[in-house]
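In what follows, a single structure is set out as structure tokens and then discussed.
Please treat every number below as a calculation from the coordinates, not as lab data. What you see is a predicted model; the values in this text were computed from it and never measured. Methodologically, a virtual Cβ is constructed for each residue, glycine included, from the backbone with ideal geometry; neighbour enumeration extends over all protein chains shown.
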Amino acid sequence: MAEEKEGKKYTTISIPTPLANKIKKRIEGTGFTNVSSYVIYVLREVLSGIEEESEDAFTKEDEERVKDRLRSLGYLD
Amino acid sequence: MPKPHGGKLINRKIKKDILKKELPEIEINTNLSEDILNIANGVFSPLEGFQYRNDLENIVSHRRLSDDTPWTIPILLDVDEKEIKDIKKGDIVLLKNSKIGLQALIDIEEIYDFNKKDIAREIYGTDENEHPGVTNIYSMKKKLIGGKISLLENKNREFDEYNLNPHETRILFKEKNWREIVAFQTRNPPHIGHEYVQKTALTFVDGLFINPIIGKKKPGDFRDDVILKSYKTLIDNYYLKDRAVMSILRTSMKYAGPREAIHHAIMRKNFGCTHFIVGRDHAGVGNYYGPYDAHDIFSEFPDLGIIPVFFRSFSRCTKCGTVVNEKICPHDQKYHINFSGKKIRELLRTGKIPPEDMMRKEVAETILTFKQPFVK
């Protein structure tokens with residue numbers, strides 16, 4: 001169930017205890033203070049790699065206009 | 001090329017003729033006008049307007065927007081109570097800067113109070129008034145407005161020939177067949193140390209994006225036109241034409257150190273860069289931040305989507321006979337000469353050309369073509 005913690009919403013996710021224990025061991029001596037902070041870090045990393053890009057709002061004509069400007073300013077030949 | 005931050009490059013420009021009726025107006029300053037331009041042009045993607053209370057609170061406490069996207073510097077529209085006495089939630093207001101000819105609409109979705117001291121402490125790590133960022137926070141008006149903006153009009157301004165928005169840089173990089181691009185931020189004319197850092201980074205990617213910050217400066221700083229001309233000279237004389245481009249970024253420095261380093265990286269990601277150079281005490285001021293705090297903070301953002309390239313220090317080693325950094329030179333500090341911006345400035349102030357192992361002669365000569373290269 002979602003709960004407010006330091007003004008931010010959190011929810012509880014279950015992971016197998018042996019996995020949590022492995023993580024506890026893994027984070028010893030690192031900057032991670034608990035299993036949750038490590039799991040959050042890993043999930044953010046994983047998700048950022050697979051998030052879809054929204055469609056570009058620009059049309060072909062817009063693109064040509066931009067290229068013309070870039071040519072006129074000497075950025076493109 | 002990286003995805004824009006938050007997945008979508010924002011474009012909030014609309015035609016002026018959409019204005020059919022008289023709207024209430026608020027006159028805004030140049031800093032807010034630049035924020036509007038950066039929102040409308042996608043530099044601040046995924047922001048579509050000035051921030052709401054829940055985003056502000058998340059940024060302050062967690063360095064993220066309320067949807068968990070990394071974001072470290074709040075973008076806020078502050079107003080006086082008397083400016084909004086006839087304005088309420090749901091109204092559309094015309095934001096105007098008569099001096100620079102900017103007009104934008106804002107859909108007022110929220111009007112709220114904020115605690116300046118809390119924001120200062122979290123964003124700048126201090127609530128001391130001596131910190132220039134804190135001074136700015138304390139000088140803000142009493143209320144904040146949250147809402148999406150739409151840019152109606154933006155008159156031509158000085159240096160527009162060097163001003164590309166993220167849509168344009170992304171097309172430029174694509175046309176140049178650059179897949180990996182490193183961004184370099186600057187507020188000064190280039191000395192040999194800067195050139196070394198840029199070229200070292202460029203060696204491993206396809207292109208270099210030199211992105212000077214243009215805007216309000218302190219007395220004694222180099223003028224914007226001096227920075228641009230001196231960089232143009234360096235690029236024309238010492239860079240391959242198809243490997244380096246320069247374009248300006250109009251925004252104000254916040255001096256928020258590590259938080260601002262993340263903000264600077266996000267803006268460059270939106271321009272289409274894959275890498276961002278972060279030096280010593282990036283965006284720092286006085287002794288408020290540790291010299292490498294702006295490096296360390298990146299480890300908290302695995303989902304940032306742009307790779308920081310860290311440089312700790314660089315100097316000229318008289319024994320190696322070249323520019324070195326701490327990873328490649330075994331010689332004692334006594335052989336190292338630091339690139340002193342202060343010393344270079346002093347020489348230029350008296351009309352003297354700095355030694356060639358400090359600054360390219362062509363660059364120095366370009367600076368000296370200006371009667372007064374410094375801000376008065």
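General observations
- Cα gyration tensor shape for the range B:218-291, rounded if a/c is under 1.5, else prolate or oblate: oblate
- Across the range B:1-69, the convex hull enclosing all Cα atoms gives 132 Å³ per residue.
- Formal net charge of residues neighbouring B:Asp206 (Cβ-Cβ distance under 9 Å; K, R +1; D, E -1): +2
- The range B:147-239 shape via C-alpha gyration tensor axes, a/c threshold 1.5: oblate
- For the options B:Phe311, B:Phe276, B:Phe159, a Gaussian network treatment of chain B with springs between C-alpha atoms closer than 10 Å singles out B:Phe159 as fluctuating the most.
- Looking at the range B:252-376, the pairs of alpha carbons with a distance over 17 Å make up 68% of the total.
- Cross-link pairs B:Lys216/B:Lys343; B:Lys232/B:Lys342; B:Lys199/B:Lys327; B:Lys176/B:Lys217; B:Lys96/B:Lys217; B:Lys8/B:Lys218 - those with Cα-Cα distance over 26 Å: B:Lys176/B:Lys217; B:Lys8/B:Lys218
- Distance between modelled label sites at B:Lys88 and B:Lys13, nm, 7 Å Cα→Cβ extension: 3.6 nm
- For chain B, the membrane-span-like helices by this rule, meaning whole DSSP H stretches whose C-alpha atoms cover at least 18 Å of axis and whose Kyte-Doolittle mean is -0.5 or above, are B:224-238; this says nothing about an actual membrane.
- Highest GNM mean-square fluctuation among B:Leu202, B:Leu144, B:Leu23, for chain B modelled with Cα contacts below 10 Å: B:Leu23.
- Highest GNM mean-square fluctuation among B:Lys176, B:Lys269, B:Lys319, for chain B modelled with Cα contacts below 10 Å: B:Lys319.
- Dipole-positive endmost among B:Ile328, B:Thr350, B:Ser340 within the range B:320-360 (Cβ charges, Cα centre): B:Thr350
- Magnitude of the charge dipole for the range B:23-178, about its Cα centre and with charges confined to Cβ atoms of Lys, Arg (+1) and Asp, Glu (-1), is about 60 debye.
- For B:Ala183, net neighbour charge (Lys/Arg +1, Asp/Glu -1) across residues whose Cβ lies under 10 Å away: +2
- The C-alpha atoms of the range B:68-134 occupy a region whose extents along the principal axes are 35, 29, 29 Å, arranged from largest to smallest.
- Positive-end extreme of charge dipole, the range B:12-81 - chosen from B:Thr69, B:Asn31, B:Leu56 (charges on Cβ): B:Thr69
- Loop-located GluC sites (Glu not before Pro) in the range B:320-371 whose Cβ has at most 16 other Cβ within 10 Å (DSSP): B:Glu326, B:Glu356
- Cross-link partners for B:Lys141 among the lysines, with Cα-Cα distance under 16 Å and sequence neighbours closer than 8 places in the same chain left out: B:Lys82, B:Lys85, B:Lys116, B:Lys117.
- Signed unit charges on C-beta, dipole axis of the protein assembly as shown, positive-most listed residue B:Val182, B:Leu94, B:Ile14: B:Val182
- Check: chain B dipole with +1 on Lys, Arg Cβ and -1 on Asp, Glu Cβ, in debye: 980 debye
- Size of charge dipole - the protein assembly as shown - debye, nearest 20, with Cβ of Lys, Arg +1 and Asp, Glu -1, no other charges: 1200 debye
- Full-stretch length increase - B:Cys320, B:Glu130 - with 0.36 nm per residue and alpha-carbon distance subtracted: 64.2 nm
- Counted charge near B:Ile26, where neighbours are those whose Cβ lies closer than 13 Å (Asp, Glu -1; Lys, Arg +1): -3
- Spin-label pair B:Asn188-B:Thr203: with each label point 7 Å from Cα along the Cα-Cβ axis, the two points sit 2.3 nm from one another.
- Ellipticity at 222 nm from helices only: DSSP H runs of n ≥ 4 in the protein assembly as shown, each -39500 (n - 2.57), divided by the residue count, give -9500 deg cm²/dmol.
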